[in-house]
Amino acid sequence: MSRGPIPILRVGDTLLITVHTDLHDTVAEAFQEDVLAAIEKTGASGLIIDISGLDMVDSYVARVLADTGRMARLMGTRSVLVGMRPEVAATLVRMGYPMEGVQTALGVDDGLALLNAPRPGR
Amino acid sequence: MDATVDGSERFGIQSEADIALVRRRVREVAQELGFDAFATAAITTAASELARNVWTHAHGGQSTIARVLDGRRRGVRLEFRDQGPGIADLPRVMAGGFSTARSLGLGLSGSKRLVDEFHIETSPGQGTLVQVTKWARY
């Protein structure tokens, strides 16, 4: 499977990445590396990962997403997960999967607002 | 279990790509049975977890996807079978007790919460069999 360019939009200082249903298994590592390369190239301070296209998030995908956020954080970029479908949210909680350290927002606009909000004491 | 099987399909799990194939077929069957989005997501995720366990921990196995009938209830029954190492301390693994078996335990305990019936047979050297059933809700 070739590592094609993933759709990345730049909105000011934020990168918006839309995850398609094929993010799974062997494509995951390439996805993470492409995201980090994009952060380095653009110097983005924020990252929005849009998962509205995912009709299923199992523990593997959840870990890939959480890890992506942590990797971005190491580079100094804050990330927000947006667009989680109701059935995905329900399944993750029912399954008992701890989505630790993952900030979420309802949609892209909310994600941008969250990233651009002034943070107290920092 | 008095449910009768109304059609079943077998899928080998011999590569990581097979996990997605199983998942896709489970989704189709669930939707054909009239599962709503929540129930479909639940059984599809459980299938993904269990298929992934077979691949990651046993390096291969078989899965079966069956439609079941129990009186007026219709549902889907999945079976995952492997000749892998088996699980020595099942209760502890399912409670998340061993860090090395963490993903295995997460997959098993997570799947159990997403389905209506969960059955597992496993022991060291004897492989593992997991069977889950989810009924359509009307």
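Some notes on this structure:
- Here the extension length gained between B:Ala95 and B:Ser123 equals 8.4 nm, from 0.36 nm per residue of separation less the Cα-Cα distance.
- Taken one residue at a time, the phi angles of region A:63-77 give Karplus couplings (6.51, -1.76, 1.60, θ = phi - 60°) of 5, 4, 5, 5, 5, 4, x, 5, 5, 4, 4, 4, 8, x, 10 Hz. Gly and Pro are set to x.
- The Rg/Rh ratio of chain A, with both radii computed over alpha carbons and Rh defined as the Kirkwood radius, is 0.94.
- Helical content of the protein assembly as shown, expressed as a calculated mean residue ellipticity at 222 nm, amounts to -13500 deg cm²/dmol (DSSP H runs of 4 or more residues, -39,500 (n - 2.57) each, divided by residue number, nearest 500).
- Reciprocal mean inverse distance between Cα atoms of chain B - Kirkwood radius, Å: 14.9 Å
- Spin-label pair A:Glu100-B:Asp6: with each label point 7 Å from Cα along the Cα-Cβ axis, the two points sit 4.4 nm from one another.
- For the protein assembly as shown, the average shadow cast by the Cα convex hull is 15.3 nm², which is a quarter of the hull's surface.
- What the phi angles of region B:10-26 give under the Karplus curve with 6.51, -1.76 and 1.60, with θ = phi - 60°, is a coupling list of 10, 10, x, 10, 10, 7, 4, 5, 5, 4, 5, 5, 4, 4, 4, 5, 4 Hz, glycine and proline written as x.
- Region B:44-73 and region A:92-116 have Cα centres lying 29 Å from one another.
- Only one residue of B:Gly86, B:Gly125, B:Thr64 has its Cα farthest out toward the positive end of the dipole of region B:55-138, where Lys and Arg carry +1 and Asp and Glu -1 on Cβ, and that residue is B:Thr64.
- Computed as a quarter of the hull surface, the mean projected area of the alpha carbon convex hull for region B:64-138 stands at 5.3 nm².
Values quoted throughout were computed directly from the atomic coordinates according to the rules given, and no laboratory measurement underlies them. Keep in mind the model is a prediction, meaning the values are calculated, not measured. Cβ coordinates were reconstructed from backbone atoms using ideal geometry, including for glycine residues, and neighbour counts include every protein chain displayed.
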